[in-house]
Amino acid sequence: MASLVCFPFKKERIDVVLKNVRIAAKHSRVSVVLLVAAGKNETYEGIAKEIPAIEQANGKKIILKVQERVGSLRPGKGDGMNSALKIFHDYRPKLQRLHFYDADIESFSPLWISKAEDSADLEYDLVRHYFPRSSTDAQITWQVTRVGFSLLWPHKNIAHIQQPLGGELLMSRRAVKVFLDSPEVMERSDWGIDTMYTFAAVKSGLSINEIYVPQGKLHALYGGLRDLKTMLIECFDAVQTIKKEIIDTNSVHHVQAGEAVPVEVREKIGYDIEKSLELLRENWTTEQETLLKLFPDRIASGLMSARNFPKWGFMDEAAWVNAYRVLLDNFDKDNEDWCELLFKLWVSRVIHYTMRHVLRGYDAALSELNAMVRNVQLSSGKKVIQKRKELVKSSPLIGEPPSPTTSYLSATSEEQIGAGLGLGETPPFHSSIPSV
Ligand code: GDX
Ligand code: MN
C-alpha cells in the first residue's frame with residue numbers, strides 16, 4: 001500500500017518540521033512526503049533548501065508546494081489540507097492512503113504512522129489519532145465542537161468522536177474521494193476544515209477508528225486565549241453551517257481505549273489565566289450590549305458585570321448550553337460584535353470551568369468535561385425520543401413507534417424531528433431503518 005504523509009505548515013520552527021519530514025521519509029510504509037505551505041515565507045525557504053538531501057538519503061519523493069485557493073472562506077489550514085487531497089488524488093502511480101500531521105509537533109514518532117497504517121490495514125476508511133490532553137487545553141474541542149455535535153446529533157457517532165478537531169488523521173482513497181466530492185468540505189478553507197472532515201465522514205457512513213497515542217501531542221504553545229479567537233469563530237461557524245443537516249447513517253466507529261495520562265500532560269497549564277480574566281473587560285460596544293438581550297437574563301447580566309470585576313459564576317454548564325442554543329440561532333460571523341460576544345461568552349465559560357473544576361485536579365476536571373458532553377447527549381437525546389413519540393401519537397397513519405434500537409437511535413438531528421432547538425420547521429416523521 002503506497003502512502004503519502006502531508007504536513008500543512010504556515011510559520012513554524014524549521015528544525016521541528018524537518019525532523020518530522022525525516023521521520024516520515026524514513027518510514028517503510030511511506031512513499032511520498034508532501035509539505036503544503038501557506039505561502040513562500042522564511043519557513044518555506046528554510047525547508048526548500050534541505051529537501052534534495054532528504055530525498056537522496058531516503059530514496060523517497062518529497063514535494064513542497066504552496067497551497068491552492070480551493071475554498072471560499074478565509075484562506076487558511078483548510079485550503080492547505082484540501083490542496084493536499086487534490087495532489088494525492090492526481091498523483092501517479094496511484095497512492096492508497098493519505099496521512100496528515102501538524103508540522104509543529106515535537107513529539108512526533110514513526111509509531112504515529114505505523115499505528116495508523118495498522119488500523120487502515122483493517123480497512124477503516126478514516127483513522128484519527130487522539131491524545132491525552134491537559135485539562136485546560138482543547139477548550140474549543142470540548143466547549144464548542146463536542147457540545148455542538150452532542151446537541152445536534154445526540155444519537156449519532158459524531159457525538160462520540162473523541163477529538164473531532166484533531167489535525168492528525170489517515171484517510172483511505174475512498175475517504176479522500178468522499179471529501180473531494182463534498183462542497184461543504186471543499187469550501188472550508190479556514191480552521192473549520194477539521195469539523196467538516198469529521199462531519200462529512202460520519203454523514204457519508206465512512207468507518208472510523210480512533211487510535212490512542214499515549215505520549216501525547218507536544219507542539220508550539222500559544223499565549224492567551226485571545227490567540228484562539230479566530231479558531232473559535234471559524235470552528236463555531238462550521239457547526240452553525242451544518243446545523244440543519246440530517247445524518248441518516250450509523251457507521252462503524254471504534255475507539256481504542258485510553259491509558260494513564262503522563263505527568264507532563266496532567267500538569268501542563270494550557271493558557272494564561274490572569275491574562276484571560278482581562279479579556280472580559282475589553283472591546284465592549286453598545287451593539288454587543290444590545291445583542292446580549294437575546295440571551296437569558298442571568299447570562300446577560302453576568303457578562304455585563306464581568307466588565308467591572310472578574311466574574312464567571314454565571315457561566316456554568318447549563319448556562320453555556322443555553323447560550324449555545326441562542327448562538328446557533330443568531331450568531332453572524334460577518335458581524336464583528338457577534339464575533340467578540342461569542343469570544344467573551346466562551347472565555348467566561350473556560351474561566352468558569354477552570355476555577356470550578358480544574359482547581360479540583362486533573363481527574364475531576366476531565367470527568368466534568370465528559371459529564372458535560374454526556375448530559376447534553378442525554379437531554380437532547382430524550383427530547384428527540386419524546387418528540388418522536390408525540391408525532392407517532394398524533395399521526396394515526398404512522399402506527400407504532402419503531403423499537404428504540406432502530407429508529408430512535410437513527411434519529412437524525414433535533415432539527416429533523418423539530419425537538420425544540422428553535423432551528424427550523426418541524427419536518428415530517430421519518431422512520432427509515434438505518435443501515436448499521
Ligand atoms: N498550509 C497551511 N496553511 N498550514 C497552516 C495554515 C495555513 O493557512 N495555518 C496553520 N497551518 C498549519 C500549522 O503550521 C500547523 O502545522 C498546523 O497547521 C496546525 O496549526 P497550529 O497553529 O499548530 O494549530 P493548533 O492550535 O496547534 O491546532 C491544531 O490542533 C487543533 C486540535 O488539536 O484540536 C490544528 O490542527 C487544529 O486544526 C486543531 O483544531
Ligand atoms: Mn500546534
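The values are calculated or read from the model by the stated rules, or taken from the named source; none is laboratory data. Predicted, not measured: the structure shown is a model, and the values here were computed from it. Here the Cβ is made from the backbone with ideal geometry for all residues, glycine too, and neighbour counts use every protein chain on show.
Is it the case that K229 is surrounded by fewer than 24 Cβ atoms within 10 Å (Cβ to Cβ), more than 15 Å from ligand 1 (Cβ to nearest atom) and among the basic types (K, R)? No: the conditions fail for K229.
Residue pairs whose Cβ atoms lie under 6 Å apart, separated by 6 or more positions or on different chains, with the first residue in the stretch 71-85 and in contact (Cβ under 8 Å) with a residue 40 or more places away in the chain and more than 6 Å from ligand 1 (Cβ to nearest atom) and the second hydrophobic (A, V, I, L, M, F, W, C) and part of a helix (DSSP H, G or I), are G78/I193; M81/I193; N82/M186; L85/V176; L85/F179; L85/L180.
Residue by residue, here is whether (1) at pLDDT 95 or above; (2) within 16 Å of ligand 2 (Cβ to nearest atom); (3) not acidic (D, E) holds:
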| position | (1), (2), (3) |
| --- | --- |
| R74 | yes, no, yes |
| D79 | yes, no, no |
| L85 | yes, no, yes |
| P93 | yes, no, yes |
| Q96 | yes, no, yes |
| D102 | yes, yes, no |
| W112 | yes, yes, yes |
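Annotation: E187 fulfils all but one of (1) more than 9 Å from ligand 1 (Cβ to nearest atom); (2) touching an Asp or Glu at 6+ places or on another chain (Cβ under 8 Å); (3) acidic (D, E); the unmet one is (2). Consider D337 carefully, then state whether it is surrounded by fewer than 19 Cβ atoms within 10 Å (Cβ to Cβ), within 17 Å of V147 (Cα to Cα) and among the charged types (D, E, K, R). Considered against the rule, which asks whether it is surrounded by fewer than 19 Cβ atoms within 10 Å (Cβ to Cβ), within 17 Å of V147 (Cα to Cα) and among the charged types (D, E, K, R), D337 comes out as no. It is to be established whether one or more residues within the stretch 194-213 are within 16 Å of the chain's Cα centre (by Cα), within 16 Å of ligand 2 (Cβ to nearest atom) and closer than 25 Å to K344 by Cα. Yes, the conditions are met somewhere in the stretch 194-213. Considering the conditions (1) within 16 Å of I211 (Cα to Cα); (2) at pLDDT 95 or above; (3) in a loop (DSSP other than H, G, I, E, B), M171 is excluded by exactly one of them, (3). Within the stretch 225-281, the set of residues being outside any helix (DSSP H, G or I), under 21 Å from V147 (Cα atoms) and within 16 Å of ligand 2 (Cβ to nearest atom) comprises G270, Y271.
Filtering the stretch 87-107 to residues that are within 13 Å of ligand 1 (Cβ to nearest atom) and touching a strand residue (DSSP E or B) at 6+ places or on another chain (Cβ under 8 Å) leaves I87, F100, Y101, D102, A103, D104.
When every residue of the stretch 39-56 is checked against the conditions, none turns out to be in contact (Cβ under 8 Å) with a residue 40 or more places away in the chain and out of contact with any Cys (no Cβ under 7 Å at 6 or more places or on another chain).
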